[in-house]
Amino acid sequence: MPQKPISLGHGKGSIFKRCECADQTRCKHEWHIRYRIDGRPREEGHDQGWTRRQAEGRLKEVNRAKFAEAPVERATIRSVPSFERFTGDYLRGRIDLGKNTQRNYRSILENHVYPELGRLPINRIARNPHVLNQFKHLIDTGFTYGRLKVTRDLLHMVFEEARLEKVITDNPVTRIPLPPEPLGEFYLPTAQEIHALAEAMPPHLSLGIYLGAGCGLRLGEILAANASCLREGNTYRLNHQWTKHSEFGPLKHRRQGEYRDTPISDELVSHMEEHQKRYALTPDGYYLRGMRREFLKLRVPQGGEHLRNAPVSHAAWATAFSTARRIAQIPPEVDTKSLRHFFASTAVRNGIPLSDVADYMGHKDMQVTHKTYKHLLPESLTSMSRVVSKALFQ
C-alpha cells in the first residue's frame, strides 16, 4: 500500500508518492503534492515527474500564493499562532533535519527560548524591540559562540518562514548581530600528558584516549569504535557514532550510511588488538563497553565478564575522564576535544595539507580547519616573507 504522505506542517499541505515501494524516500518514482484551497483538497503532479525538492518548492509556492491576499499584519486576528506553536509546526515540517539536530533545536527552544517567548504571538515578538533586546541579552549570557550561532540560525529560519507566510513583515533576527568569533586558541596537550591520561583512565576505557589523539575522533565516534572500522592500508573507516542518548546515529554533518576515513597507525592497531584479547568485544564488535550494573563498584574490571554488551555512555566516560585528569594532574582545560586538537595540530605542524586534515577531522567546511589551525602552519609567514622579498628586492 502507498505510504502515509509527508506533511510540511499544519495547514501547509503534504508531499507523497503513488508507488508502493517499501522505502519511498529512496525510490525513483515521482513526487506529488496535496493541499487545500478554500477548504477543498487538491493534488498536483508534473508530466515529467517532480523530485522531492521540486515538489516541496512547488508546495511552498502554493502556500505563498494562498496567503498572498491575507493582511500582512495579523495582530488583530485571534488565530495568530504563538511562537511555540508556529516553531513546533515548522520543525515538524522540516523532515530533512536529522534526529540529533531536531533534539538539539528542541533543547535550545525548551530551555532558553520558550520560557521567555513561547506564549507570545509571533507577530508581537517581531514588532516589539523590547522583547527582542531582552532575548538578545538572554542568549548572550553564558552561551559559547557555537551555541549562540546555532540559536541565532534556528531563530532566523523560524522567523524567515513566518515572513514568507505573511505572518510578519520582516525578519527581526537580521537585526541581532553575532559577537566576534573567538580566535582558534586552545590548550594543546603534550604526548606525555596524553599517555598520563590513558594510564589514569580505567583500563577498559584507556583505548579511547588513543583513538581520540591518534585518529582525531569525536567522543561519540570514540565510543562507537568497532572492529569493522579497521581497513587495509592504515585506514579507519567510521560510519556511525554513539550519541549522548545511548543510541547509534549518523556521523556529524553526514547522513545515515555515509562515512569518512581517517589514518590509523600500526601501534594503535596493536593497542586495539591487546584490548580485544583482554576485554573481548560486544557481539557486534564494539570495543569500549560499559560496566555491568552489579559490578559498578569495581573501578578496574578483571575481564569481559564485568562489562555490558553495549558501548559506555557519554556520562560514564565524562566521569572517568574527569577523574583521570585529576589523578594525572592534567590542567582542567584539557577535555576529550583536546585529543582531536592534538591529532590535527600534529598533522598541520608536519606539513599535512589543511584540506586532508579537514577530511580526517570530519569538518563540514575547510574554513573551520583553516581558522582553527592556520597559525600552526610551519613557518608560513617566514616563508612568504622570503618569497616576496626575493621577488621584490633581488
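The values are calculated or read from the model by the stated rules, or taken from the named source; none is laboratory data. Because the structure is a prediction, the values reported are computed rather than measured. With ideal geometry, Cβ positions are generated from the backbone for all residues, glycine too; neighbour counts draw on all protein chains shown. Remember, those area values only see protein heavy atoms, side chains included, never the ligands or the DNA or RNA. Shrake-Rupley method; radii C 1.70, N 1.55, O 1.52, S 1.80 Å.
Answer with yes or no whether residue 212 is out of contact with any strand residue (DSSP E or B) (no Cβ under 8 Å at 6 or more places or on another chain) and either of a type in the set (Phe, Trp, Tyr) or closer than 30 Å to residue 329 by Cβ (or both). Walk me through how you get there before you give the answer.
Working: out of contact with any strand residue (DSSP E or B) (no Cβ under 8 Å at 6 or more places or on another chain): yes; either of a type in the set (Phe, Trp, Tyr) or closer than 30 Å to residue 329 by Cβ (or both): yes.
Yes, satisfied.
Considering only residues of region 232-249 that are within 21 Å of the chain's Cα centre (by Cα) and of a type in the set (D, E, K, R), which is modelled with the highest pLDDT?
By that ranking, first place goes to 237.
Among the residues of region 1-19, what is the count of those that are loosely packed, with under 14 Cβ neighbours inside 10 Å and at pLDDT 80 or above?
Of the residues in that region, 2 qualify.
Looking only at region 279-289, filter to residues that are out of contact with any Leu (no Cβ under 7 Å at 6 or more places or on another chain) and surrounded by 14 or more Cβ atoms within 10 Å (Cβ to Cβ); which one of those is nearest to residue 241 (Cα to Cα)? Quick ask: steps written out before the conclusion?
Filtering region 279-289 for residues out of contact with any Leu (no Cβ under 7 Å at 6 or more places or on another chain) gives 280-286.
Restricting the remaining residues to those that are surrounded by 14 or more Cβ atoms within 10 Å (Cβ to Cβ) gives 280-282, 286.
Values: 280: 20, 281: 17, 282: 16, 286: 11 Å.
Of everything passing the filter in region 279-289, 286 is nearest to residue 241 (Cα to Cα).
Kindly check whether there is at least one residue in region 259-273 that is in a helix (DSSP H, G or I), at pLDDT 90 or above, open to solvent by less than 80 Å² (accessible area, probe 1.4 Å) and of a type in the set (Gly, Ala, Ser).
yes
Taking into account only those residues within region 346-394 that are open to solvent by less than 50 Å² (accessible area, probe 1.4 Å) and of a type in the set (Val, Ile, Thr), which is modelled with the highest pLDDT?
Selected residue: 357.
Do any residues in region 302-314 that are more than 15 Å from residue 206 (Cα to Cα) and part of a strand (DSSP E or B) have Cβ atoms under 8 Å from those of residues that are at pLDDT below 75 and open to solvent by 40 Å² or more (accessible area, probe 1.4 Å), where the two are at least six apart or on different chains, and which pairs are they?
308/292
If you check 38, 23, 96, which single one turns out to be modelled with pLDDT under 75 and loosely packed, with under 13 Cβ neighbours inside 10 Å?
Values: 23 fails: modelled with pLDDT under 75; 96 fails: modelled with pLDDT under 75.
That would be 38, the only listed residue that is modelled with pLDDT under 75 and loosely packed, with under 13 Cβ neighbours inside 10 Å.
Any idea how many residues of region 99-141 are modelled with pLDDT of 85 or more, among the β-branched types (Val, Ile, Thr) and farther than 30 Å from residue 220 by Cα?
Looking only at that region, the number is 1.
Of everything in region 197-214 that's in contact with a Lys or Arg (Cβ under 9 Å, 6 or more places away or on another chain) and not in a loop (DSSP other than H, G, I, E, B), which residue is surrounded by the fewest Cβ atoms within 10 Å (Cβ to Cβ)?
Only one residue fits best here, namely 200.
Going through region 313-342 one residue at a time, which ones are under 20 Å from the mean Cα position of the chain (by Cα), open to solvent by less than 50 Å² (accessible area, probe 1.4 Å) and within 18 Å of residue 197 (Cα to Cα)?
Of all residues in region 313-342, those under 20 Å from the mean Cα position of the chain (by Cα) come to 313-315, 317-318, 335-341.
Among the residues that remain, those that are also open to solvent by less than 50 Å² (accessible area, probe 1.4 Å) are: 313-314, 317, 336, 338-341.
Matches in region 313-342: 314, 317, 336, 338, 339, 340, 341.
From the set of residues in region 26-35 that are more than 29 Å from the chain's Cα centre (by Cα) and free of Cβ contacts under 8 Å to residues at least 24 places away in the same chain, which is least open to solvent (accessible area, probe 1.4 Å)?
32
Among the residues of region 92-108, which ones are within 20 Å of residue 146 (Cβ to Cβ) and either touching a strand residue (DSSP E or B) at 6+ places or on another chain (Cβ under 8 Å) or in a helix (DSSP H, G or I) (or both)?
Just the residues of region 92-108 that are within 20 Å of residue 146 (Cβ to Cβ), to begin with: 97-108.
Result: 98, 99, 100, 101, 102, 103, 104, 105, 106, 107, 108.
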